[in-house]
Each structure stands twice: as structure tokens, then as C-alpha cells.
1. Just wondering, is there one or more residues in the range 1-21 that are hydrophobic (A, V, I, L, M, F, W, C), in a loop (DSSP other than H, G, I, E, B), under 14 Å from Phe73 (Cα atoms) and modelled with pLDDT under 95?
2. Go through Val51, Val20, Val77 for me and flag whichever is surrounded by fewer than 11 Cβ atoms within 10 Å (Cβ to Cβ) and of a type in the set (A, V, I, L, M, F, W, C).
3. Would the range 26-39 turn up any residue that is more than 16 Å from Arg81 (Cα to Cα), touching a Lys or Arg at 6+ places or on another chain (Cβ under 9 Å) and not small (Gly, Ala, Ser)?
4. Do we find a residue being surrounded by 15 or more Cβ atoms within 10 Å (Cβ to Cβ), without any contact (Cβ under 8 Å) to a residue 40 or more places away in the chain, more than 19 Å from Ala79 (Cα to Cα) and in contact with a strand residue (DSSP E or B) (Cβ under 6 Å, 6 or more places away or on another chain) anywhere in the range 29-41?
5. Filter the range 51-82 down to the residues that are in a helix (DSSP H, G or I) and closer than 16 Å to Ile39 by Cβ and list them by number.
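The values are calculated or read from the model by the stated rules, or taken from the named source; none is laboratory data. Note that the coordinates shown come from a computational prediction; the quantities given were computed from them, not determined experimentally. Glycine also receives a Cβ, built like all others from the backbone with ideal geometry; neighbour counts cover every protein chain displayed.
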Amino acid sequence: MAAKPLNKAEKAWLAKLQKVLNECPSDRFKGFTIGDPEIYLYDISFEQQIVDSGKDVPEMVEALGAELGHISFPFPVDAVRG
């Protein structure tokens, strides 16, 4: 069975959210989640150090002091790899 279509209020909220995200004034953000309703933002300039370490992203972001903030969602966010 397919998902129920978005209602008018849900469509409007999603469009508003996308508009705000598109207004991001910076190109230095990168994000991750650990499967909770938070998206953690960190400075992408640390990306190579994180990759080279071979360690988990959250661990290295903390160790390097690279976290810039987080966004809390009002719903669960899965952590998956595609």
C-alpha cells in the first residue's frame, strides 16, 4: 500500500522548510545523524581529516572540535547509507 498523499498543511510546511534550507548563507556545512531526531552540522573543511582517520564521523567531529550546531526535527530521522 502506498503512502497517503500530503495534505495542504504538510505540503506548505515542507515547501517552507525547503525554502529556508535553500537560503543557507554558507558552503561549509556538512551533516550527519546517528538515528535520532537531530542532524548534526560540522565544518566540511575537516572532511579529509575525518576520512583519513578511519574512525566514525561523530567521534572525529567531536575530537577535532568541528561541530557547528544541530537541527532538531519534530520526528525521527533514520541513519542510513545509500
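1. No, the range 1-21 contains no residue that is hydrophobic (A, V, I, L, M, F, W, C), in a loop (DSSP other than H, G, I, E, B), under 14 Å from Phe73 (Cα atoms) and modelled with pLDDT under 95.
2. Val20
3. no
4. no
5. Within the range 51-82, Val57, Pro58, Val61, Glu62 qualify.
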